[in-house]
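Here's the structure we're looking at; comments come further down.
The values are calculated or read from the model by the stated rules, or taken from the named source; none is laboratory data. All values derive from a computational prediction rather than experimental measurement. Glycine gets a Cβ as well: all are built from the backbone with ideal geometry, and neighbour counts include every protein chain shown. To get the accessible areas, we keep the full protein, side chains included, count just its heavy atoms, and leave off ligands, DNA and RNA. Shrake-Rupley method; radii C 1.70, N 1.55, O 1.52, S 1.80 Å.
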Amino acid sequence: MNEKLLKPYNPKETEERIYKLWEDSGFFNPNKTLDPKATPFTLIMPPTNANGSLHAGHGLVMTIEDIMVRYKRMRGFKTLWLPGLDHAGFETQVVYEKKLEKEGRTRFGMDPKELYKEILDFTLTNSKNIKSQIKKMGASCDWSREKFTLDDDVIKTVHQTFKRMYNDNLIYRGNKIVSWCPKHQTSFSDLEIKDEERIDSLYYLKYGPFTIATSRPETKFGDKYVVMHPEDARYKNYTEGQKIKLEWINGPIEATVLKDEAIDMEFGTGVMTITPWHDTADFEIAERHKIEKEQVIDENGKLLPIAGEFTGEHIKKARPLIIEKLQKKGLVEKIDENYKHVVRTCYKCGTLIEPQIKSQWFIKMKPLAEKALEKINSGEIVYIPEHYKKITVHWLSNIMDWNISRQIVWGIPIPAKICAKCGHGMADLGNTIKKCDKCSGEVIQDKDTFDTWFSSGQWPFVTLGYPDSPDFKTFYPTDVMETAGEIIFFWVSRMIMLGLYITGKVPFKTVYLHGLVLDAKGLKMSKSKGNVIDPLVLTEKYGTDAFRMGMVVGNTPGTSLALAEDRIRGYKNFANKIWNVTRFVLDNTKDADNFDPKNYDEEDAKSEEELSSLMKEITKEMDEFKFYIVAEKLYHYFWHTFADIIIERSKKKILENKNADSAKILIYRHLNILLKALHPFMPFVTEEIWSMMPNKNKSLLLIATWPNQND
RNA sequence: GCGCGAUUAGCUCAGUUGGUUAGAGCAUCUCAUUUACACUGAGAGGGUCGCAGGUUCGAAUCCUGCAUCGCGCACCA
């Protein structure tokens with residue numbers, strides 16, 4: 001017997017060696033498959049952000065996906081799990097900006113090329129680290145096909161997609177109101193915004209004969225239009241277009257009356273003035289009435305010359321000064337200091353979003369969403385858990401155009417020229433456009449980069465080498481997309497739309513969404529709370545197999561998981577239990593090879609049958625993605641039936657030499673089958689034990705056949 | 001406001017199409033100690049399944065309403 005078995009199982013000594021064994025075997029690559037004609041199974045790994053190290057959420061991803069992949073490989077599929085890394089545009093830039101801040105530097109004023117190079121170096125350094133961490137998790141992915149979102153071929157395909165959508169009129173350059181973060185100096189899509197409830201003051205101001213209510217007096221300098229509902233009886237004497245002279249913040253102005261149905265007669269006085277440059281609703285009213293729009297606040301959150309004496313003042317400081325002035329002029333009727341409302345903030349830094357009118361690239365989402373809805377509603381894409389389908393359908397049915405321009409350097413450059421004269425935008429892949437095709441004006445290169453989700457939204461077909469690669473033909477559409485429920489809109493839904501648009505096929509057949517990993521108390525992990533759990537600390541302490549079991553047992557899809565160290569400790573004991581059982585079994589079955597299971601005594605025959613029906617049961621559950629229950633059943637059966645009952649029973653038979661052969665072959669076969677079944681969950685300890693088994697065929701457990709039938 | 005979840009043992013959660021006495025892990029308590037394994041074994045306690053109705057021979061499960069918590073979306077100045 002192997003001497004290692006005499007000591008407790010030692011993951012540290014085992015894991016690296018085993019991983020190397022697998023990697024060197026070449027079986028992570030589906031090209032080396034036992035049956036080249038086997039049905040493919042494809043899973044694309046969500047590209048890991050290359051701006052830090054693995055967190056607990058990644059631990060969950062690697063665990064669940066590796067379980068799927070190992071299972072399919074053992075079932076004989078030509079299995080591809082394609083790993084990738086994400087430059088993660090804005091996310092990474094934010095991380096890097098914080099690093100700069102610590103060094104007393106800032107991105108503003110830096111040479112963009114220099115900044116880009118620095119972030120690239122930073123990312124490449126992190127990539128190495130992250131890759132080795134993914135390997136520590138036991139991920140059996142095909143490293144030979146690894147992709148990075150800034151690889152040349154990825155950029156090329158993304159550029160072609162841009163051009164194609166531009167030609168198809170699905171991408172346009174528009175002067176529209178966008179969400180602008182004054183701290184990060186970039187615009188966002190509607191998804192990068194976080195709503196936050198706040199209590200502020202609501203100011204009731206005298207505006208000529210009217211009283212208007214506002215929570216943002218600092219925007220009101222340019223308000224020259226006063227709007228009311230056309231059916232509001234209180235204001236029936238005022239007519240559309242009527243001019244009214246009145247005294248305002250910085251002196252007398254002439255206001256114009258507008259009537260618009262967007263006005264809520266119930267709110268405040270039923271009258272408001274509009275600031276089209278800095279408010280979405282006001283912008284729409286202005287568009288409808290075709291009136292001019294004027295910028296009041298600049299990109300840094302400071303007031304422009306329209307504010308007169310307040311010019312250059314930051315809006316935060318200006319507000320009380322403006323109110324003070326208005327009070328002196330007798331224009332403040334009252335202040336409600338308990339006004340509860342929702343403001344929009346930057347999801348990263350919490351800074352108040354300042355809506356601004358900007359010229360940006362937008363994707364028309366409606367036509368794309370309609371096609372996606374068709375496929376989702378017809379069941380071509382299955383959602384696990386199912387309720388995510390409803391959420392997706394709801395979002396797709398109310399979709400807004402997607403702003404894909406970002407004013408940051410870290411990303412894929414937008415291949416486009418902008419006319420300096422008329423602002424017209426043109427897609428330009430080969431850098432060939434020299435003059436505006438509308439007004440013949442001078443053109444300049446667009447300096448913006450793509451929203452990172454525009455490129456990762458193309459991930460399934462980009463990674464497989466669309467359109468000509470053999471891989472694309474073999475492995476697309478992929479089978480499963482496994483990712484966090486959090487990014488269902490950001491990523492999953494956009495992949496469906498872009499995948500359908502470019503390839504005409506759904507990018508994946510099943511969407512499996514996992515929940516958040518929370519700390520032991522069920523709180524969201526965050527650096528500020530100091531409750532972040534590093535998965536690598538846990539694997540170091542308890543072994544990767546134990547960590548993986550802790551991640552998967554009882555963790556139903558879509559539900560968040562409270563990660564308690566106790567759980568993982570329990571599975572460390574389990575790994576050792578398997579180890580010790582092996583010691584007993586191998587010690588007692590040296591001469592049992594020739595016994596025929598047909599000659600079992602009655603109770604052993606029953607046990608054999610019980611195990612085989614358990615295998616049928618869990619095979620079905622594996623196919624239904626119910627890993628949480630399979631892991632638990634295997635744990636329970638191994639420990640409390642195999643070890644506690646069957647082995648205890650066998651001791652007596654072997655010792656007293658009564659039906660000893662029956663007992664020996666039963667425990668040997670049990671161990672054999674259970675090692676295979678446990679392999680997807682606990683790959684290291686099972687592979688290590690497998691190598692000690694006196695099997696005739698000494699191939700790796702990695703490619704052993706799943707024991708679903710009579711094995 | 002609209003939508004989506006959740007509510008089951010002290011804690012974290014399972015519970016498949018309605019069907020015996022509602023399960024697991026951890027925690028707690030009692031007992032065991034020459035053995036594969038103390039990283040152990042045997043056993044125990046602990047739940048009016050959020051509340052109120054309804055459907056049914058039968059409901060944790062299906063329907064309606066309510067409450068609490070969480071999330072998403074849209075918004076009113």
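Dipole of segment A:627-686 (Lys/Arg Cβ +1, Asp/Glu Cβ -1, origin at the Cα centre): which of A:PHE642, A:SER662, A:HIS679 lies farthest to the positive side?
Ranked along the dipole, the leading option is A:SER662.
Of A:THR211, A:LEU614, A:PRO597, which is farthest towards the positive pole of chain A's charge dipole, taken about the Cα centre with +1 and -1 on the beta-carbons of Lys, Arg and Asp, Glu respectively?
The listed residue farthest towards the positive side: A:THR211.
Tell me, what is the Rg over Rh of segment A:605-711, with Rh the Kirkwood radius over Cα pairs? Walk me through the intermediate numbers first.
Details: Rg = 14.1 Å, Rh = 14.5 Å.
Using Cα coordinates only, the ratio equals 0.97.
State in Å² the accessible area per residue of segment A:198-304; use a 1.4 Å probe, count heavy atoms of protein chains only, and round to the nearest integer. Show your work: numbers first, answer last.
Working: 4960 Å² over 107 residues.
Value for segment A:198-304: 46 Å² per residue.
Only Lys, Arg, Asp and Glu count, each charged at its Cβ (+1, +1, -1, -1), so figure out the dipole size of segment A:227-328 about its Cα centre, rounded to 20 debye.
420
Can you pull out the trypsin sites (Lys or Arg not before Pro) in segment A:1-93 that DSSP calls coil and that have at most 16 other Cβ atoms within 10 Å? Please report the intermediate quantities before stating the final value.
Details: sites: A:LYS4, A:LYS12, A:ARG17, A:LYS20, A:LYS32, A:LYS37, A:ARG70, A:LYS72, A:ARG73, A:ARG75, A:LYS78; in loops: A:LYS32, A:LYS37, A:ARG75.
In loop regions of segment A:1-93 (DSSP not H, G, I, E or B), the sparsely surrounded trypsin sites (Lys or Arg not before Pro) are A:LYS32, A:LYS37.
So how strong a dipole does segment A:16-76 carry about its Cα centre when Lys and Arg Cβ are +1 and Asp and Glu Cβ are -1, to the nearest 20 debye? Mind showing how you got there, number by number?
Details: 8 positive and 6 negative charges, 49 e Å.
Result for segment A:16-76 is approximately 240 debye, rounded to the nearest 20.
Calculate how steeply helix A:602-623 sits against the longest principal axis of the alpha-carbon atoms of chain A, using the helix alpha-carbon long axis, and give the answer as 0 to 90 degrees to the nearest 10.
The two axes meet at around 20 degrees.
Ignoring ligands, DNA and RNA, what percent of the 1.4 Å accessible area of segment A:542-618 is carbon and sulfur?
Working: 1430 of 3420 Å².
For segment A:542-618, the apolar C and S fraction of the accessible surface comes to 42 percent.
Over segment A:1-157, average the accessible area per residue using a 1.4 Å probe and give it in Å², no decimals.
45
Taking the Cα-to-Cβ direction at A:LYS102 and at A:ASN431 and moving 7 Å from each Cα, how far apart do the two end points lie in nm?
The modelled label-to-label distance comes out at 3.6 nm.
For segment A:527-588, go through all pairs of different Cα atoms, get the mean of 1/r, take its inverse, and jot down that Kirkwood value in Å. Please list the in-between numbers first.
Numbers: mean 1/r = 0.0765 Å⁻¹.
With all distinct Cα pairs of segment A:527-588 included, I get 13.1 Å.
Please report, as a whole percent, how much of the solvent-accessible surface of segment A:330-434 comes from carbon and sulfur atoms (probe radius 1.4 Å).
Values: 2590 of 4960 Å².
Carbon plus sulfur share of accessible area: 52 percent.
Among rounded, prolate and oblate, which fits segment A:542-638 when a ≥ b ≥ c are the square roots of the eigenvalues of its C-alpha gyration tensor, a/c under 1.5 means rounded, and a/b larger than b/c means prolate?
Details: a/c = 3.49, a/b = 1.58, b/c = 2.22.
The shape class here is oblate.
Give me the dipole magnitude in Debye, nearest 20, for chain A about the Cα centre, with unit charges on the beta carbon: positive for Lys and Arg, negative for Asp and Glu. Spell out each step's value before the answer.
Numbers: 102 positive and 101 negative charges, 163 e Å.
So the dipole magnitude of chain A works out to roughly 780 debye.
What number results when the radius of gyration of chain A, computed over Cα atoms, is divided by 2.2 N^0.38 Å?
Values: Rg = 31.9 Å, N = 711, 2.2 N^0.38 = 26.7 Å.
So chain A has a normalised radius of gyration of 1.20.
Considering the dipole of segment A:88-202 built from charges on the beta carbon (Lys and Arg +1, Asp and Glu -1) around the Cα centre, which of A:GLN93, A:GLY104, A:VAL158 is farthest to its positive end?
A:VAL158
As an exercise, take the mean of 1/r over every pair of distinct alpha carbons in segment A:104-170, invert it, and state the Kirkwood radius in angstroms. Don't skip to the answer; put the middle values down first.
Details: mean 1/r = 0.0657 Å⁻¹.
Evaluated over segment A:104-170, this radius sits at 15.2 Å.
Looking only at Cα atoms, what is the convex hull volume of segment A:436-560 per residue, in Å³? Can you show the working numbers first?
Working: hull volume 25.9 nm³, N = 125.
With only Cα atoms used, segment A:436-560 gives 207 Å³ per residue.
So which lysines can A:LYS651 reach, going by Cα to Cα under 20 Å and dropping same-chain residues fewer than 8 places off?
A:LYS577, A:LYS590, A:LYS606, A:LYS664
Just check segment A:282-333 against the gyration tensor rule for me: Cα atoms, a ≥ b ≥ c as the square roots of the eigenvalues, rounded for a/c under 1.5, and otherwise prolate or oblate depending on whether a/b exceeds b/c. List each step's numbers first, then the result.
Numbers: a/c = 2.61, a/b = 1.43, b/c = 1.83.
Cα axes put segment A:282-333 in the oblate bin.
Please identify every one of the GluC sites (Glu not before Pro) in segment A:271-305 that sits in a loop by DSSP and has no more than 13 other beta carbons within 10 Å of its own beta carbon.
Numbers: sites: A:GLU284, A:GLU287, A:GLU292, A:GLU294, A:GLU299; in loops: A:GLU292, A:GLU294, A:GLU299.
Here the GluC sites (Glu not before Pro) that fit, given the DSSP loop and packing criteria, are A:GLU292.
Sum up the lysine pairs in segment A:124-195 that clear both bars: alpha-carbon distance under 17 Å and a spacing of 8 or more or different chains. Display every interim value, and only then the final one.
On the way: A:LYS128/A:LYS136; A:LYS128/A:LYS147; A:LYS131/A:LYS147; A:LYS135/A:LYS147; A:LYS147/A:LYS156; A:LYS183/A:LYS194.
Qualifying lysine pairs in segment A:124-195: 6.
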